[in-house]
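**Q** Before I ask anything, let me first share the structure, which is written out below as structure tokens.
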Amino acid sequence: MRYVFRRRENDKKPFLLAGAPPTTCLHHYIKSSSTVREKTGRISLATAKITDGQGTMEALVCEKLGDPATAIGEGSPIVLRKNHPVPPLDSPTAVRVRVKATSLNFANYLQVLGKYQEKPPLPFIPGSDYAGVVDAVGSGVSLFKVGDHVCSFAALGSFAQFIVADQSELYLVPKECDLVAAAALPVAFGTSHIALVHRAQLGPGQVLLVLGAAGGVGLSAVQIGKIRGAIVIAVARGEEKIQLLRSMGVDHVVDSTKEGVTVSVKNFLKSRKLKGVDVLYDPVGGKLTKESLKLLNWGAQILVIGFASGEIPLIPANIALVKNWTVHGLYWGSYKIHRPPVLEDSLKELLSWMARGLITIHISHTYSLSEASLAFAAIKERKAIGKVMITIDDASHSRSKL
Ligand SMILES: NC(=O)c1ccc[n+]([C@@H]2O[C@H](COP(=O)([O-])OP(=O)(O)OC[C@H]3O[C@@H](n4cnc5c(N)ncnc54)[C@H](OP(=O)(O)O)[C@@H]3O)[C@@H](O)[C@H]2O)c1
């Protein structure tokens, strides 16, 4: 197992990012503290200058905790540095990737707010899953060559033009797959795949209820549910999200702005002569979870994925006992430490599904690094449908939908 340490200029001891998946952000940590803070404001996207890891690149740096949806230069906790050091190859098996695209996950937003379970020391470069092109390889790299398309995820560090990872942490993206889509895959689809396939072992004919179904993890759960042959019920808010879910072949969609979840789902179940929900996929929590528990079958499984509502739900143990429920807490990133083969197999299967067109990555908003505050705002304001992405060095993708 590899650990992630950080040593700032004035620190006596390296800091261990407790529980964080192995990552290569060490360079970002070390270098960012010794870099002179850039002035914020209007920023032009310059191409990175690179000479064997000695060059500079653009990177978003979180310098204080706060709301990253605040415009950069107007008190935002994140700044865009144009002259951040390019991370060097730190071991013979290290690979440097020129990042093409990186995902914005709800967790990235929570982390800059200071409300996520992993609390890295400041300053840090946020960002987790990404895809790009291999830019340089260490002398012992046998699995990749310069020019290969790869994707991966790190505990931190992907909101930058370059990132370094060990070759064991990278996945080859088939040439037929879009790199921006591949960057959206690891966290969202990885979480839903391990939850539904590995943990719940969802099977044909089972009833799956997905909350927050048009969000990043929700939309992936819906698709994986359909692939597994489940009867999928989705809960989301607003016409645009509802239409998209219907177009994906979801069996029943509840618009929670218009109807009560319990009544709507009960009517649907009755119309299909079904007793209840077998698997609850819950990235939302709060009131919605409480309502959903009323719909669960004997022997149902509850997948606790997240708390987008901000409220951690209570699942009464007495009812779990009487109804023989199984509650699965699921923290996808920790599989990298505790069950790496499960995570690897899962991501490889997802990439093969993507190459075969079995899953589609829906991206509602795409921004450049300098527009990151808008990307965070899309997540905060519940505008995201599927994924929000940041693309780098690509003018054609650097246009927001808003
Ligand atoms: N356990 C893990 O390993 C893991 C991995 C990835 C994500 N997560 C967690 O899963 C949750 C969702 O992540 P995501 O990336 O899918 O986020 P997302 O794309 O923003 O989706 C969240 C969805 O939750 C719904 N929601 C309900 N109440 C909300 C509220 N008060 N504020 C914001 N959204 C609300 C929204 O749907 P409507 O507006 O349609 O209601 C939204 O589409 C987060 O808590 C995240 O930390 C956990």
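The values are calculated or read from the model by the stated rules, or taken from the named source; none is laboratory data. In this text, all values refer to a predicted model and were calculated from it rather than measured experimentally. Cβ coordinates were reconstructed from backbone atoms using ideal geometry, including for glycine residues, and neighbour counts include every protein chain displayed.
**Q** Can you give me the number of residues within the range 286-312 that are more than 12 Å from the ligand (Cβ to nearest atom) and of a type outside the set (S, T, N, Q)?
**A** To start, the set of residues in the range 286-312 that are more than 12 Å from the ligand (Cβ to nearest atom) comprises 290-302.
Subset that is of a type outside the set (S, T, N, Q): 290-291, 293-296, 298-300, 302.
Final tally of qualifying residues: 10.
**Q** Any idea how many residues of the range 262-289 are in contact (Cβ under 8 Å) with a residue 24 or more places away in the chain and either among the charged types (D, E, K, R) or closer than 18 Å to Ala236 by Cβ (or both)? Walk me through it before giving the result.
**A** Initial filter on the range 262-289 (in contact (Cβ under 8 Å) with a residue 24 or more places away in the chain): 262, 265-266, 268-269, 272, 274, 276-289.
Restricting the remaining residues to those that are either among the charged types (D, E, K, R) or closer than 18 Å to Ala236 by Cβ (or both) gives 262, 265-266, 268, 272, 277-289.
Qualifying residue count for the region: 18.
**Q** Among the residues of the range 265-285, is there at least one that is within 14 Å of the ligand (Cβ to nearest atom) and of a type in the set (S, T, N, Q)?
**A** No - not one qualifying residue is present in the range 265-285.
**Q** Still on this structure: May I ask you to list the residues in the range 337-380 that are over 28 Å from Gly229 (Cα atoms) and within 11 Å of the ligand (Cβ to nearest atom)? Don't jump to the end; show me each part of the working.
**A** As a first pass, look at the range 337-380 and keep what is over 28 Å from Gly229 (Cα atoms): 337-338, 365-380.
Correct list: His365, Phe376, Ala378, Ile379, Lys380.
**Q** From the list Leu321, Leu343, which one is over 14 Å from Gly216 (Cβ atoms) and without any contact (Cβ under 8 Å) to a residue 60 or more places away in the chain? Full working, then the answer.
**A** Values: Leu343 fails: without any contact (Cβ under 8 Å) to a residue 60 or more places away in the chain.
Only one candidate qualifies: Leu321.
**Q** A follow-up question, please. Taking the stated definitions as given, is Ile194 β-branched (Val, Ile, Thr), over 15 Å from Val254 (Cβ atoms) and within 10 Å of the ligand (Cβ to nearest atom)? Outline the logic, then answer.
**A** Working: β-branched (Val, Ile, Thr): yes; over 15 Å from Val254 (Cβ atoms): yes; within 10 Å of the ligand (Cβ to nearest atom): yes.
Taking the combined requirement at face value, the residue satisfies it.
**Q** Something else now. Residues being surrounded by 24 or more Cβ atoms within 10 Å (Cβ to Cβ) and not aromatic (Phe, Trp, Tyr): count how many of those fall in the range 122-160. If you could, list the steps in order and put the result at the bottom.
**A** Of the residues in the range 122-160, the ones surrounded by 24 or more Cβ atoms within 10 Å (Cβ to Cβ) are 124-132, 151-154, 156-160.
Filter once more, so that each one left must be not aromatic (Phe, Trp, Tyr): 125-129, 131-132, 151-152, 154, 156-158, 160.
Here the count works out to 14.
**Q** How many residues are of a type outside the set (A, V, I, L, M) and under 17 Å from the mean Cα position of the chain (by Cα) when one looks only at the range 334-372? Please lay out each step first, then the result.
**A** Filtering the range 334-372 for residues of a type outside the set (A, V, I, L, M) gives 334-336, 338-341, 344-346, 348-349, 352-353, 356-357, 360, 362, 364-368, 370-371.
With under 17 Å from the mean Cα position of the chain (by Cα) added as a condition, the list becomes 334-336, 344, 346, 348, 360, 362, 364-367.
Here the count works out to 12.
**Q** Against the definition (modelled with pLDDT of 90 or more, assigned to a strand (DSSP E or B) and more than 26 Å from Tyr171 (Cα to Cα)), how does Lys64 come out, yes or no?
**A** Values: modelled with pLDDT of 90 or more: yes; assigned to a strand (DSSP E or B): no; more than 26 Å from Tyr171 (Cα to Cα): yes.
When the stated conditions are applied, Lys64 does not pass them.
**Q** Can you pull out every residue in the range 324-335 that is surrounded by 16 or more Cβ atoms within 10 Å (Cβ to Cβ) and away from the ligand (no atom under 11 Å from the Cβ)?
**A** Trp325
**Q** Within the range 205-235, track down each residue that is closer than 25 Å to Ala378 by Cα and without any contact (Cβ under 8 Å) to a residue 60 or more places away in the chain.
**A** So in the range 205-235, the residues closer than 25 Å to Ala378 by Cα come out as 209-224, 233-235.
Scanning the range 205-235 gives Ala213, Val222, Ile233, Ala234, Val235.
**Q** Filter the range 231-264 for residues that are more than 9 Å from the ligand (Cβ to nearest atom), out of contact with any helix residue (DSSP H, G or I) (no Cβ under 8 Å at 6 or more places or on another chain) and more than 20 Å from Lys387 (Cα to Cα) and give the result.
**A** Ile231, Lys258, Glu259, Val263, Ser264
**Q** With the range 223-322 as the region, which helices (runs of 4 or more DSSP H) entirely inside it contain at least 3 residues that are surrounded by 13 or more Cβ atoms within 10 Å (Cβ to Cβ) and not assigned by TED's automatic domain parsing to the domain that holds Ile385?
**A** Values: elements: 239-247, 261-271, 286-293, 317-322.
Correct list: 239-247, 261-271, 286-293.
**Q** Tell me which residues, restricted to the range 145-177, are touching a residue at least 40 places away in the same chain (Cβ under 8 Å) and assigned to a loop (DSSP other than H, G, I, E, B).
**A** Matches in the range 145-177: Ala154, Ala155, Leu156, Gly157, Ser158, Phe159, Gln161, Leu170, Val173, Pro174, Glu176, Cys177.
**Q** Now, a different point. Does at least one position in the range 214-223 carry a residue that is more than 9 Å from the ligand (Cβ to nearest atom), within 21 Å of the chain's Cα centre (by Cα) and farther than 25 Å from Pro341 by Cβ?
**A** Within the range 214-223, one or more residues are more than 9 Å from the ligand (Cβ to nearest atom), within 21 Å of the chain's Cα centre (by Cα) and farther than 25 Å from Pro341 by Cβ.
**Q** If a residue has to be polar (S, T, N, Q) and touching a Ser or Thr at 6+ places or on another chain (Cβ under 8 Å) to count, how many in the range 218-261 make the cut?
**A** 2
**Q** Take the conditions crowded, with 24+ Cβ neighbours inside 10 Å, on the phi < 0 side of the Ramachandran plot, part of a loop (DSSP other than H, G, I, E, B) and not hydroxyl-bearing (Ser, Thr, Tyr) and apply them to Ala214. Does it pass? Quick ask: steps written out before the conclusion?
**A** Details: crowded, with 24+ Cβ neighbours inside 10 Å: yes; on the phi < 0 side of the Ramachandran plot: yes; part of a loop (DSSP other than H, G, I, E, B): yes; not hydroxyl-bearing (Ser, Thr, Tyr): yes.
It is true that Ala214 is crowded, with 24+ Cβ neighbours inside 10 Å, on the phi < 0 side of the Ramachandran plot, part of a loop (DSSP other than H, G, I, E, B) and not hydroxyl-bearing (Ser, Thr, Tyr).
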